[in-house]
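Read through the structure below, which is laid out as structure tokens, and then see the notes.
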Amino acid sequence: MEQTLMLIKPDGVATGHIGDVISRLERRQFTITALKVVQKATTAQLTAHYADKVNEAFFPGLVSYMQSGPLVALIVSGTDVVHACHQMAGATKPSEALPGTIRGDFGRLWDDGAIKNVVHSSDRIEAAAHEIDIWFPELSELTES
Ligand code: GDP
Ligand code: MG
């Protein structure tokens, strides 16, 4: 079964949208295969997760944002779940995300320059497998043993 990695980012947790995100996944009949609260993401996790962003000027701000509070990591399973969850998340900037998407409904603009957008979702199946390993290393250790 196809799997994707979703993160409810620190702004999504702080503004009280853990339940809203999970409700939307359940409403679409996706399976929550794993779920955890990460009290503070490590710099190593974020560098691996955002490996394509490490040379961007906004990378240090992105790391501070992602370490600003607890986040929730989920493995979501179902048919075509990677594409579906990416569509449900919506456009990167909350100001461009359509109403009906998670970011369009729960995202807001912040005045600190960071693009805080409530959730992350994997953009491709291969990225999902890599990201699941970053946030749920204990699961890959289990399947490898
Ligand atoms: P996503 O896949 O829609 O989350 O977007 P990207 O993969 O392009 O970027 C990853 C994350 O980095 C985004 O969700 C934002 O939190 C942040 N980000 C991306 N582009 C920018 C930018 O131009 N400026 C700032 N400050 N943050 C950005
Ligand atoms: Mg991305």
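The values are calculated or read from the model by the stated rules, or taken from the named source; none is laboratory data. Since the structure is predicted, the reported quantities are computational estimates derived from the model, not experimental observations. Note that we place each Cβ from the backbone using ideal geometry, even for glycine, and neighbour counts take in every protein chain shown. Only protein heavy atoms, including side chains, enter the accessible area calculation; ligands, DNA and RNA are left aside. Shrake-Rupley method; radii C 1.70, N 1.55, O 1.52, S 1.80 Å.
Just a few scattered comments:
- Along each principal axis, taking the top coordinate minus the bottom one, the Cα set of the chain gives 46, 33, 24 Å in descending order.
- Between T92 and I125, the distance separating the two model label sites (each 7 Å from Cα on the Cα→Cβ line) works out to 2.5 nm.
- Bridgeable lysines around K9 (alpha carbons under 16 Å apart, same-chain partners fewer than 8 residues away excluded): K36, K40, K93, K116.
- Sparse-neighbour loop sites [GluC sites (Glu not before Pro); the range 85-131; at most 13 other C-beta within 10 Å; DSSP]: E96
- Entry comment: accessible area of the chain is 53 Å² per residue, from protein heavy atoms only and a probe of 1.4 Å.
- Extending 7 Å from the Cα toward the beta-carbon at both H83 and D133 defines two label points whose distance is 2.5 nm.
- Electrostatic dipole magnitude of the chain [Cβ: Lys, Arg +1; Asp, Glu -1; Cα centre; debye, to 20]: 440 debye
- If you plug the beta carbon distance of T31 and W110 into 1/(1 + (r/R0)^6) with R0 = 30 Å, you get a FRET efficiency near 0.40.
- Apportionment of accessible area to carbon and sulfur, the chain, percent (1.4 Å): 54 percent
- Within the range 4-42, trypsin sites (Lys or Arg not before Pro) in DSSP loop having at most 16 other beta-carbon neighbours inside 10 Å: R28, K40
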